[in-house]
1. Which residue is surrounded by the most Cβ atoms within 10 Å (Cβ to Cβ), if the candidates are limited to region 48-67 and must be out of contact with any strand residue (DSSP E or B) (no Cβ under 8 Å at 6 or more places or on another chain) and within 20 Å of residue 3 (Cβ to Cβ)?
2. Please find, within region 226-258, the residue that is surrounded by the fewest Cβ atoms within 10 Å (Cβ to Cβ) out of those that are in contact (Cβ under 8 Å) with a residue 60 or more places away in the chain, in a loop (DSSP other than H, G, I, E, B) and at negative phi.
3. If I ask for residues that are touching a residue at least 12 places away in the same chain (Cβ under 8 Å), surrounded by fewer than 19 Cβ atoms within 10 Å (Cβ to Cβ), more than 14 Å from the chain's Cα centre (by Cα) and assigned to a helix (DSSP H, G or I), which ones from region 159-188 would you list?
4. Looking at region 204-215, is at least one residue within 27 Å of residue 25 (Cα to Cα), touching a helix residue (DSSP H, G or I) at 6+ places or on another chain (Cβ under 9 Å) and in a loop (DSSP other than H, G, I, E, B)?
């Protein structure tokens, strides 16, 4: 029980990587705050954890809205008796389109969800982590914008993900004095439903004819599962990584070794 007695908060916990991590944290003994923009999704994951014998509470918040995420973090700490792990995972792909065709509204939506949402989640969690005597913050960034720059139309998404990694390192240096660790995970392809909320427009204008060898990614030939990503987050959440902060952890089955 690597997280026995701990309280973990997961944004974007209603599906995908967030759901996988929330359920993994609960199986390892954590009390889990499942935070999602969609009430039904958050409640479904919390109920699934409860059905497995764990303890979880659902919270609804748009991570880009400061008051909503402040209330979710504060409510989680109050109702679950503390806060020790924060998984800032909520994010969107947003609009994939040529730079000259992207609207300012589309740019803001992705940046505010992915980057500003990470900042706000961590900002409001710090006092509770400090009161707990330390803890672990994990940020879902991406290989895009950090090691891969070749996907067409991903300028805004990649910028938000590069910003998350820079922010994670600044936060790691600042928060180490209170025993708070900050690390970023950089997934490649993961089998989730994020593509259902991904939008594309006129990508043929900026697409290069790049063909990857088969199998791709080279290690597995398939996207990662959410359970595989959850294992990485569980390591970073637990005391097994107690001497690790400011790190970037690739989980892409070698995709970035071939596509940069």
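Every number here is computed from the coordinates shown, using simple stated rules; none is lab data. Nothing here was measured: the structure is a model prediction, and the numbers come from that model. Every residue, glycine among them, receives a Cβ derived from its backbone with ideal geometry; neighbour counts consider all protein chains shown.
1. Going through the qualifying residues, I end up with 48.
2. Result: 242.
3. 159, 169, 173, 176, 178
4. Quick first cut of region 204-215, residues within 27 Å of residue 25 (Cα to Cα) only: none.
The answer is no; no qualifying residue exists.
One line per residue, one yes/no per condition, for (1) under 14 Å from the mean Cα position of the chain (by Cα); (2) surrounded by fewer than 23 Cβ atoms within 10 Å (Cβ to Cβ):
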| position | (1), (2) |
| --- | --- |
| 113 | yes, yes |
| 121 | yes, no |
| 126 | no, yes |
| 131 | no, yes |
| 138 | yes, no |
| 142 | yes, no |
| 153 | no, no |
